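What follows draws every value from the coordinates through simple rules; no lab data is involved. Quick caveat: nothing in here was measured; it's all calculated off a predicted structure. As a convention, Cβ positions derive from the backbone with ideal geometry for all residues, glycine included, and neighbour counts pool all protein chains shown.
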Amino acid sequence: MHRAQLRWQCRRGMRELDELLTGYLDRRYDLADAAEKAAFQKLLTLADPELIGYLMQREPPPSDIAIVIQHILDRTQT
């Protein structure tokens, strides 16, 4: 998937969520291996309430996207 398409999918209508997702795209995506890139692309298909639940740690994320969620959370805690 092209970077411009990914950036567009990072736009969610909630500024905080937009910043978390575009932050990952800008800082981590290019360094990620193919599996992590696929996980990020899958994460972008989730509905906002589900995604927020994972990022707010209200519920554990599925194992296939857990690494991306962890990288996003690590960035917010530093």
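Numbers for the structure displayed
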{"item": "Every residue from region 8-19 that is surrounded by 15 or more Cβ atoms within 10 Å (Cβ to Cβ) and of a type outside the set (A, V, I, L, M)", "result": "GLN9, CYS10, ARG12"}
{"item": "Options GLU50, GLU36; residue that is without any contact (Cβ under 8 Å) to a residue 40 or more places away in the chain, charged (D, E, K, R) and either crowded, with 18+ Cβ neighbours inside 10 Å or under 16 Å from MET1 (Cβ atoms) (or both)", "result": "GLU36"}
